[in-house]
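The values are calculated or read from the model by the stated rules, or taken from the named source; none is laboratory data. Predicted model, so just to flag it, every value in this text is computed and none were measured. Cβ placement follows ideal geometry from the backbone for every residue including glycine, while neighbour counts extend to all protein chains displayed.
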Ligand SMILES: Cc1cc2nc3c(=O)[nH]c(=O)nc-3n(C[C@H](O)[C@H](O)[C@H](O)COP(=O)(O)OP(=O)(O)OC[C@H]3O[C@@H](n4cnc5c(N)ncnc54)[C@H](O)[C@@H]3O)c2cc1C
């Protein structure tokens with residue numbers, strides 16, 4: 001079942017009232033739209049800025065980075081990052097049906113039990129591991145299957161053995177309550193093709209008469225009547241001057257992602273007063289937390305030229321394309337991030353704070369360069385960053401991209417750099433162990449001359465990139481700066497909820513897609529409870 005399965009995309013833009021209007025058809029929006037329309041008595045309008053993509057690269061797992069900087073990517077970069085020598089980091093996010101789930105690396109890793117107990121301890125009442133685990137379990141069925149890669153690359157196998165040789169235990173299940181250890185990554189694939197929430201969740205809902213999906217419609221504002229959200233305004237692509245309205249009888253739910261949701265709230269006059277006044281937007285509802293607390297997983301690593309092994313550098317061939325298309329097998333089924341190790345830099349930590357990730361290819365220039373020689377990437381990922389940033393508006397024009405400043409490596413204590421450094425040294429130790437060492441021809445970056453801590457710190461600043469996990473910009477909590485309460489309702493307003501990666505209060509020691517699915521699953525139960533009561 002491909003993207004084509006979502007056939008009921010309407011190109012006439014409805015004015016009639018729906019019960020629920022959902023903004024953004026990414027990971028969360030697809031889950032929510034599907035779950036809410038299981039009740040035939042609830043009508044849902046799902047509005048997406050992008051189109052339904054027909055690009056083959058959204059289906060071929062190994063091709064996901066080919067989507068960067070194309071029409072299905074918003075095309076963001078961060079602001080100049082002082083922690084990264086002033087570089088502007090390439091910052092992909094999906095702009096199409098399926099959102100970032102249609103361009104991500106398909107890794108299904110939810111983190112550690114302690115991550116969610118920590119959410120609860122921080123004021124997210126009802127979000128402890130025991131509370132949320134049923135929602136993970138509910139999602140991991142036909143709609144969101146966790147699969148093994150059809151083929152494991154020999155370098156991924158070698159990495160898993162080499163990591164054990166330095167004392168990292170093998171993990172049969174990287175989604176166990178304690179996710180520490182090294183193992184092979186479960187993926188959201190079916191028969192060697194991407195199988196995302198778009199295929200699973202939205203595909204299941206595609207014939208329901210109570211679901212309307214519109215594409216190429218940029219939502220520009222949440223409509224408020226007093227303190228109540230009554231709908232949204234949007235502009236259809238190609239008709240930029242015309243603003244239309246979609247009304248919600250029960251609720252508006254924002255699923256525009258960790259960048260899009262705070263941007264839309266600020267465009268609507270909901271956010272920090274000074275930031276809104278800076279760009280000439282009238283404050284409708286002051287909420288200082290909107291756009292604050294931007295968290296992201298930063299990645300760096302070793303780039304290594306390999307010998308005696310065919311890597312994904314040569315995966316792109318007609319033969320491999322035919323094998324993939326006809327049999328769902330071959331190197332194009334690789335999601336690149338085939339194996340990972342989750343480790344603690346100190347034994348007393350409640351959850352791993354570092355991830356080591358093996359890709360059987362050179363991942364160069366933030367994924368924009370196609371590899372020209374055989375090699376591997378052993379990435380080091382900072383799982384519990386102390387650095388935080390912001391999403392603010394450059395202008396009041398809803399078509400302008402917002403200012404994304406993750407503040408990478410900006411923590412005053414310098415602990416993020418120190419953790420990254422620890423990871424690079426550990427990565428080198430793993431690389432020196434058999435059977436992985438046997439495939440190493442030469443370390444290309446940072447290179448054998450980079451030995452001192454200062455050399456490695458310089459490498460970290462010059463070459464770190466995002467692992468594409470922005471979160472936290474509309475943080476859930478019970479304190480005055482939290483943007484949503486534990487039922488995901490925007491504080492101080494009625495009939496407005498947020499259900500996407502922006503509500504994540506602290507990044508999990510895993511990846512963000514499955515946690516976002518879980519958040520949307522829970523949001524669906526909250527909305528159902530509210531609409532039934534009401
Ligand atoms: C390249 C890449 C690789 C990744 N790899 C992985 C991985 O392997 N594993 C993992 O767990 N996570 C991964 N992630 C992260 C994961 O995909 C995201 O955390 C998750 O998709 C977030 O879901 P979301 O619903 O919050 O946002 P999104 O999926 O980004 O959805 C937001 C949607 O809202 C739409 N939108 C935004 N603004 C508006 C507006 N004003 N009007 C209308 N529509 C709007 C967008 O176009 C988009 O479709 C990756 C992400 C990227 C970009």
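Residue 176 fulfils the conditions (1) more than 30 Å from residue 310 (Cβ to Cβ); (2) in contact (Cβ under 8 Å) with a residue 12 or more places away in the chain; (3) within 26 Å of the chain's Cα centre (by Cα) except for a single criterion, (2).
Residue-by-condition table, conditions (1) assigned to a strand (DSSP E or B); (2) crowded, with 24+ Cβ neighbours inside 10 Å; (3) touching a helix residue (DSSP H, G or I) at 6+ places or on another chain (Cβ under 9 Å):
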{"residue": "361", "(1), (2), (3)": "no, yes, yes"}
{"residue": "373", "(1), (2), (3)": "no, no, yes"}
{"residue": "376", "(1), (2), (3)": "yes, yes, yes"}
{"residue": "380", "(1), (2), (3)": "yes, yes, yes"}
{"residue": "387", "(1), (2), (3)": "no, no, yes"}
{"residue": "391", "(1), (2), (3)": "yes, yes, yes"}
{"residue": "395", "(1), (2), (3)": "no, no, no"}
{"residue": "399", "(1), (2), (3)": "no, no, no"}
{"residue": "408", "(1), (2), (3)": "no, yes, yes"}
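Condition check: more than 17 Å from residue 429 (Cα to Cα) and not in a helix (DSSP H, G or I). Does residue 332 satisfy that? Spelling it out, it is not the case that residue 332 is more than 17 Å from residue 429 (Cα to Cα) and not in a helix (DSSP H, G or I).
Among residues of the stretch 73-86 being over 14 Å from residue 50 (Cα atoms) and not in a loop (DSSP other than H, G, I, E, B), the one that is farthest from the ligand (Cβ to nearest atom) is 82. Residue 47 meets each of the listed conditions (1) within 11 Å of the ligand (Cβ to nearest atom); (2) under 23 Å from residue 187 (Cα atoms); (3) crowded, with 24+ Cβ neighbours inside 10 Å apart from (2).
Answer yes or no: is there a residue in the stretch 204-222 that is crowded, with 24+ Cβ neighbours inside 10 Å and within 28 Å of residue 352 (Cα to Cα). Checking the stretch 204-222: not a single residue is crowded, with 24+ Cβ neighbours inside 10 Å and within 28 Å of residue 352 (Cα to Cα). Candidates are the residues of the stretch 231-267 that are away from the ligand (no atom under 13 Å from the Cβ) and assigned to a strand (DSSP E or B); the one that is nearest to the chain's Cα centre (by Cα) is 251. Among 270, 281, which is the only one that is within 16 Å of the ligand (Cβ to nearest atom), assigned by TED's automatic domain parsing to the domain that holds residue 218 and surrounded by fewer than 23 Cβ atoms within 10 Å (Cβ to Cβ)? Within the list 270, 281, the selection yields 281.
Yes/no per residue for (1) away from the ligand (no atom under 16 Å from the Cβ); (2) without any contact (Cβ under 8 Å) to a residue 40 or more places away in the chain; (3) over 30 Å from residue 331 (Cβ atoms):
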{"site": "88", "(1), (2), (3)": "yes, yes, yes"}
{"site": "94", "(1), (2), (3)": "no, no, no"}
{"site": "102", "(1), (2), (3)": "no, no, no"}
{"site": "105", "(1), (2), (3)": "no, no, no"}
{"site": "111", "(1), (2), (3)": "no, no, no"}
{"site": "121", "(1), (2), (3)": "yes, yes, yes"}
{"site": "132", "(1), (2), (3)": "no, no, yes"}
{"site": "155", "(1), (2), (3)": "yes, no, no"}
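Among the residues making up the stretch 189-230, those that are outside any strand (DSSP E or B) and in contact with a strand residue (DSSP E or B) (Cβ under 7 Å, 6 or more places away or on another chain) are 195, 205, 210, 215, 216, 227. Of 506, 481, all but one fail to be part of a loop (DSSP other than H, G, I, E, B) and within 16 Å of the ligand (Cβ to nearest atom); the exception is 506. Checking every residue in the stretch 250-259 against the condition of being in the same structural domain as residue 528 (by TED's automatic domain parsing), farther than 30 Å from residue 360 by Cα and surrounded by fewer than 20 Cβ atoms within 10 Å (Cβ to Cβ) gives at least one match. Residue 125 meets all of the listed conditions (1) in a helix (DSSP H, G or I); (2) surrounded by fewer than 17 Cβ atoms within 10 Å (Cβ to Cβ) but one, namely (1). Residue 523 versus (1) within 16 Å of residue 477 (Cα to Cα); (2) surrounded by fewer than 23 Cβ atoms within 10 Å (Cβ to Cβ): which is the lone unmet condition? The number of the failed condition is (2).
Applying the set (1) within 15 Å of the ligand (Cβ to nearest atom); (2) assigned to a loop (DSSP other than H, G, I, E, B); (3) closer than 26 Å to residue 476 by Cβ to residue 70 leaves exactly one unmet item: (3).
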